[in-house]
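**Q** Following this message is one structure expressed as structure tokens.
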Amino acid sequence: MDSRDISLVRANFRTVSYSAHSRGKLTNAFYGRLFGRDPQLRQYFPAAMDVTRHRFIVALQFVLDILDQPGAAEEFLEQLARDHRKYGVQSSHYRPAADALFLSLRDHTGESLWTPALDRAWRGVTNLIADAMIRGAETDDMPARWEATVVGAHHLLDDLTLVRLQANGPIPYESGQYVPVQIPQVPKVWRYLSPAIPSNPTGELEFHVRKVRGGLVSGAIVNEAKPGDRWQIGAPLGGLRVDYESGRQVLMIGSGTGIAPLRAQVMEMAKSGVNPQVHMFLGGLFPRDLYDLENMWRLSLINPWLSVVPVAENAENPWWHPEPPPETPPGMHRRLTGVIGHIVASFGSWADHQVQIAGSPEMVYHTTETL
């Protein structure tokens, strides 16, 4: 697509999605056309569609934002199609979906504003979307999903549970990636979790799950997960990894259960004799939130390339959790108090390091801006 076509579709999309009401009308029209053409497609979607509608708009906006980056939109869409295989979606579904999107945009824009140039530009975009997603769905040779059985659910905190599962075969994720999961308590709703241990031939998995306020799935996992539950695991996604070829040292900053993808990577690295130096900062709101500190400390004892610094925003636990702060293991860097981004930045410039940040969106944003 040329720059004029890209500018046209971006401007038009801003017009038709400028408010929550307009976005709602657009997604209603899209899904109405899609399900009206093939009612069987409705079975692939959850009963409540609010999250699905929001994600559809976010994904479409992202595609438009990267259209001028060669190959970026295609790569994203191919991965999206591979991810959608877990729902049972087939490659044959994407062309009708692209047509439904095109017609919904045309009707939502209005005949007087839908020019031949805009028609051509949107047709190019919807064809690109369909072609890339069909290609992604048809070229993935991994299973669409695996089954895994919960073998342990351990409450580390009142709102945080460590779940161990045994899959029916090895799941070929790379340490640092995340996987979609579906639990029996909330069918047809998928959430993304990062395994906290490396992939292994026996199919063992471990997730650290914290209950999010209003979180349908996280609340069900923390409150109800039990041995014997059968989970569905989708194909792995993401590209968080250490670049060994660069020769640069690594800075890892994790907060709360965000340590999971970092933890999996350093456990994987511990299998190798030669690694770059890794400086890991483990954070939490209160000292009690440093729930995996002892494990990381033990890992650092036998791997001289790994150093671990604990950080808590508050020096003491809150009054409703009056237990004393956990003791810092002997030989470990003393626990520091403050916002983790500021603490890390106080050590100096990390510009020559590979940097990985994992945690809540607010923590990631603040730490990135601070660095």
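**Q** Which of P236, P96, P180 moves most in a GNM of the chain, Cα contacts under 10 Å?
**A** It is P96.
**Q** For T368, T328, write out the residues from largest to smallest accessible area, computed with a 1.4 angstrom probe and no ligands counted.
**A** T368, T328
**Q** Which residue fluctuates most in the GNM of the chain (Cα springs below 10 Å): L77, L165, L105?
**A** Its mean-square fluctuation being the largest, the pick is L105.
**Q** Search the structure for amide H atoms under 5 Å from the amide H of M49, placed 1.01 Å from N in the peptide plane, and list their residues when 5 or more places away or on another chain.
**A** The answer is none.
**Q** Sticking with this one: Compute the accessible area per residue over the chain, keeping the other protein chains in place, probe 1.4 Å, unit Å².
**A** About 49 Å² of surface per residue is accessible.
**Q** While we're here: Rank these by accessible area, largest first, 1.4 Å probe: F13, F76.
**A** F76, F13
**Q** In whole Å, largest first, what are the principal axis extents of the Cα atoms in the stretch 213-287?
**A** On the principal axes, the stretch 213-287 reaches 44, 33, 20 Å in Cα extent.
**Q** Determine ³J(HN,Hα), in whole Hz, for all residues of the stretch 73-87 in sequence, where each value follows from phi through the Karplus function 6.51 cos²θ - 1.76 cosθ + 1.60 and θ = phi - 60°; x replaces Gly and Pro.
**A** After applying 6.51 cos²θ - 1.76 cosθ + 1.60, I find 5, 4, 4, 4, 5, 5, 5, 4, 5, 4, 5, 5, 4, 5, 7 Hz.
**Q** Something else: Just read off the accessible area of D119 with the full protein assembly in place, 1.4 Å probe, to the nearest 10 Å².
**A** 50
**Q** Please compute the length gained on full extension between S307 and H54, using 0.36 nm multiplied by the number of residues separating them and subtracting their Cα-Cα distance.
**A** Here the segment from S307 to H54 would lengthen by 87.0 nm.
**Q** I'm checking a number: the convex hull volume of the Cα atoms of the stretch 177-231, normalised per residue, in Å³. What is it?
**A** Dividing the Cα hull volume of the stretch 177-231 by its residue count gives 87 Å³.
**Q** If you look at just the Cα atoms of the stretch 1-45, how large are its Rg and its Dmax in Å?
**A** 14.0, 39
**Q** How large is the accessible surface of Y291 in square angstrom, using a 1.4 angstrom probe and rounding to the nearest 10?
**A** My reading of the accessible area for Y291 is about 40 Å².
**Q** Per the Debye formula with a single identical scatterer at each Cα and no solvent contribution, what log10 I(q)/I(0) holds for the stretch 252-318 at q = 0.16 Å⁻¹?
**A** Reported log10 I(q)/I(0), two decimals: -0.50.
**Q** Hey, another quick one. Above 17 Å lies some portion of the pair distances; for the stretch 97-205, what is it as a whole percent of all C-alpha pairs?
**A** 69
**Q** From the backbone phi of the stretch 28-37, what are the Karplus-calculated ³J(HN,Hα) couplings (6.51 cos²θ - 1.76 cosθ + 1.60, θ = phi - 60°) in whole Hz, Gly and Pro given as x?
**A** For the stretch 28-37, the Karplus-derived couplings read 4, 5, 5, 5, x, 5, 4, 6, x, 6 Hz, x marking Gly and Pro.
**Q** I'd like the carbon and sulfur percentage of the solvent accessible area for the chain, probe radius 1.4 Å, heavy atoms only, ligands and nucleic acids excluded.
**A** Within the chain, the accessible surface is 54 percent carbon and sulfur.
**Q** While we're here: Too long at a 27 Å Cα-Cα cut-off: which of K188/K211; K25/K211; K86/K271; K188/K226; K86/K211?
**A** K25/K211; K86/K271
**Q** From the helices alone, meaning DSSP H stretches of at least four residues, give me the mean residue ellipticity at 222 nm for the chain, per-run term -39500 (n - 2.57), in deg cm²/dmol to the nearest 500.
**A** After summing the helix terms and dividing by residue count, I get -12500 deg cm²/dmol.
**Q** Now for a different question. Per-residue accessible area for M267 at 1.4 Å probe radius, Å² rounded to 10?
**A** Estimated to the nearest 10 Å², M267 gives 60 Å².
**Q** From zero up to wherever the largest Cα-Cα distance of the chain sits, split into 20 Å bins and tell me the percent of pairs in each.
**A** Histogram of Cα-Cα distances, whole percents per bin: 25, 52, 23, 1.
**Q** Shifting gears a bit: For the chain, set up a Gaussian network in which alpha carbons nearer than 10 Å are linked by springs, and say which option among F62, F286, F102 fluctuates the most.
**A** F62
**Q** Related question: Given C-alpha coordinates of the stretch 121-169, what is the ratio Rg to Rh with the Kirkwood estimate of Rh?
**A** Rg divided by Rh gives 1.35.
**Q** Right, another one. Would you please give the residues with an amide H less than 5 Å from that of V309, counting only those at least 5 places away or on a separate chain, with H modeled from the backbone geometry?
**A** M280, F281, L282
**Q** Under a crude label model (7 Å from the Cα following the beta-carbon direction), how far is K226 from F286 in nanometres?
**A** 2.8
The values are calculated or read from the model by the stated rules, or taken from the named source; none is laboratory data. Computed from a predicted model, the values in this text were never measured in an experiment. Quick reminder, even Gly has a Cβ in these numbers, built from the backbone with ideal geometry, and neighbours come from all protein chains shown. Areas reflect the complete protein model, heavy atoms only, side chains present, ligands, DNA and RNA absent. Shrake-Rupley method; radii C 1.70, N 1.55, O 1.52, S 1.80 Å.
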